[in-house]
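Below you'll find the structure, written out as structure tokens, and then a few comments.
Please treat every number below as a calculation from the coordinates, not as lab data. Everything numeric in this text was worked out from a predicted model, so none of it was measured. Neighbour counts run over all protein chains shown; Cβ positions are idealised from the backbone, glycine included.
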Amino acid sequence: MELVDSCVFVGELTTAGRRTGLPRTVELRFVRLNGKFYLSSSNVERKHWCRNMMKNPEVSVAARGERFLCFARRLDDKEVRRKILTLRDSPPLMERVVFELAPVK
């Protein structure tokens with residue numbers, strides 16, 4: 001199945017461990033929008049995948065038989081944040097932190 005725009009899907013995020021540098025993979029719910037992937041978390045300080053990604057933003061996303069190398073960053077754009085959180089949850093949980101994962105070309 002193809003990853004289409006505005007879809008919500010479960011995939012795998014692989015980060016480099018912030019202490020060991022070893023690959024760490026976790027299954028998460030993603031949003032795909034305008035060719036980018038988005039993740040959100042309500043507790044960044046306690047989630048290992050968030051802390052790993054903030055220390056080393058080079059990550060990979062695997063879903064539906066495809067793998068994408070991406071560069072992650074915390075998203076501050078309020079309009080895009082609102083759209084992502086609205087697609088992800090109903091009602092949107094606006095207190096969540098959103099990360100944008102842009103595929104590396």
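Considering segment 38-59, and only residues there that are surrounded by 15 or more Cβ atoms within 10 Å (Cβ to Cβ) and charged (D, E, K, R), the residue that is farthest from L93 (Cα to Cα) turns out to be R51. Of all residues assigned to segment 58-66, at least one qualifies as being part of a strand (DSSP E or B), among the polar types (S, T, N, Q) and in contact with a Phe, Trp or Tyr (Cβ under 7 Å, 6 or more places away or on another chain). Would you call R82 in contact with a Lys or Arg (Cβ under 6 Å, 6 or more places away or on another chain), outside any strand (DSSP E or B) and in contact (Cβ under 8 Å) with a residue 12 or more places away in the chain? Taking the combined requirement at face value, the residue does not satisfy it.
List every residue pair whose Cβ atoms lie under 8 Å apart, where the two residues are 6 or more positions apart in sequence or sit on different chains, the first residue falls within segment 52-67 and is without any contact (Cβ under 8 Å) to a residue 40 or more places away in the chain, and the second residue, located anywhere, is assigned to a loop (DSSP other than H, G, I, E, B). These pairs meet every condition: N52/G17; N52/R18; K55/R18.
A residue that is part of a helix (DSSP H, G or I) and at negative phi cannot be found anywhere in segment 22-43. Within segment 52-67, not a single residue is touching a helix residue (DSSP H, G or I) at 6+ places or on another chain (Cβ under 9 Å), of a type in the set (A, V, I, L, M, F, W, C) and under 19 Å from S6 (Cα atoms). Taken over segment 78-97, the criterion of being farther than 17 Å from D5 by Cα and under 15 Å from the mean Cα position of the chain (by Cα) is satisfied by R96, V97. Residues of segment 14-37 that are surrounded by 11 or more Cβ atoms within 10 Å (Cβ to Cβ), more than 13 Å from the chain's Cα centre (by Cα) and hydrophobic (A, V, I, L, M, F, W, C): A16 alone. Within segment 81-105, the set of residues being buried (at least 16 other Cβ atoms within 10 Å of the Cβ) and touching a Pro at 6+ places or on another chain (Cβ under 8 Å) comprises just one member, L85.
Taken over segment 60-80, the criterion of being out of contact with any Leu (no Cβ under 9 Å at 6 or more places or on another chain) and either surrounded by fewer than 16 Cβ atoms within 10 Å (Cβ to Cβ) or under 20 Å from E27 (Cβ atoms) (or both) is satisfied by G65, R67, L69, R74, D76, D77, K78, E79.
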